[in-house]
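Written below as structure tokens is the structure these notes are about.
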Amino acid sequence: YKARGLGQLFEINDNNKDRSAFLNAEFDILNFMVSLGKKRAIGFQIRSRSIFNLDDVSPELIRLGSNEFEFPNVFDLNIDDEEFNMSMNSWIEYNLSYAQVLYDQDKHFLKAGGKLKFLQGVAAAYLHSSDLKFNIKNDTTSNSISGNFDYGYSENLGGFIENENPSEEFSSGNI
């Protein structure tokens, strides 16, 4: 695959344009329909859905991430990710549907239906930086990382993101 350029999603040389990715996952957990006579039906569905979106990421940052920071070609380079944006949403849908035949005369046939949908949020998070700049020394050390970050997450993700020891705060400085 590598000889043809396949399997190298992030290594394609296109004048180092910023990359974007959109991932969508959908799982039908339960899905059924029951006929109520010959002209009516009722259905129920439970579906889990997730969306992940990544925009305006420099090829260098993607190469570092996809190679577990072991990519010497970008070590000691000043890299700018000016509009880095990442977001994720996950939810469960509960659908109740009903349909019936309204008119059925030989060649003329009319059927109508509707669906009630209830959405239950599972998790959401975002990270945005308007001026991310970094220089990586090697796979374990950075020369510099700077930027202004905006982030947010749903309350149910708090246990995974928040610091368990409030006396220890994230800080950075010159080495």
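Regarding the stretch 13-20, can at least one residue be identified that is within 15 Å of the chain's Cα centre (by Cα), at pLDDT 75 or above and within 27 Å of Val122 (Cα to Cα)? There is at least one residue in the stretch 13-20 that is within 15 Å of the chain's Cα centre (by Cα), at pLDDT 75 or above and within 27 Å of Val122 (Cα to Cα).
Here's the yes/no breakdown for (1) loosely packed, with under 14 Cβ neighbours inside 10 Å; (2) within 30 Å of Leu127 (Cα to Cα); (3) of a type in the set (Ser, Thr, Tyr):
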| site | (1), (2), (3) |
| --- | --- |
| Phe22 | yes, yes, no |
| Ala25 | yes, yes, no |
| Leu30 | yes, no, no |
| Ser35 | yes, no, yes |
| Ile42 | no, no, no |
| Leu54 | no, yes, no |
| Pro59 | no, yes, no |
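Quick one: is Ala112 closer than 23 Å to Ser154 by Cβ, open to solvent by less than 100 Å² (accessible area, probe 1.4 Å) and at pLDDT 90 or above? No.
Screening Leu77 on (1) under 30 Å from Leu30 (Cβ atoms); (2) surrounded by 11 or more Cβ atoms within 10 Å (Cβ to Cβ); (3) not aromatic (Phe, Trp, Tyr) shows it passes everything except condition (1).
Among the residues of the stretch 123-140, those that are closer than 25 Å to Asn53 by Cβ, open to solvent by less than 60 Å² (accessible area, probe 1.4 Å) and in contact (Cβ under 8 Å) with a residue 40 or more places away in the chain comprise Leu127, His128, Ser129, Ser130, Asp131, Leu132, Phe134, Ile136. Restricting attention to the stretch 141-171, the residues that are at pLDDT 70 or above and either of a type in the set (Asp, Glu) or open to solvent by 100 Å² or more (accessible area, probe 1.4 Å) (or both) total 4.
When only residues in the stretch 80-93 that are charged (D, E, K, R) and open to solvent by less than 70 Å² (accessible area, probe 1.4 Å) count, which is farthest from Asn156 (Cα to Cα)? Once the filter is applied, the top-ranked residue is Asp81. Out of the residues in the stretch 95-109 that are open to solvent by 70 Å² or more (accessible area, probe 1.4 Å) and either among the aromatic types (Phe, Trp, Tyr) or touching a Gly at 6+ places or on another chain (Cβ under 7 Å) (or both), state the one that is modelled with the highest pLDDT. Looking at the filtered set, the residue picked out is Tyr98.
Which of the strands (runs of 3 or more DSSP E) contained wholly in the stretch 78-146 include at least 3 residues that are within 20 Å of Val57 (Cβ to Cβ) and not acidic (Asp, Glu)? Result: 84-105, 108-129, 132-136, 142-146.
The values are calculated or read from the model by the stated rules, or taken from the named source; none is laboratory data. Treat the numbers as computed from the prediction; the structure is a model and nothing was measured. Backbone-built Cβ (ideal geometry, glycine too); neighbour counts: all protein chains shown. Surface accessibility is based on the protein's heavy atoms, side chains included, excluding ligands, DNA and RNA. Shrake-Rupley method; radii C 1.70, N 1.55, O 1.52, S 1.80 Å.
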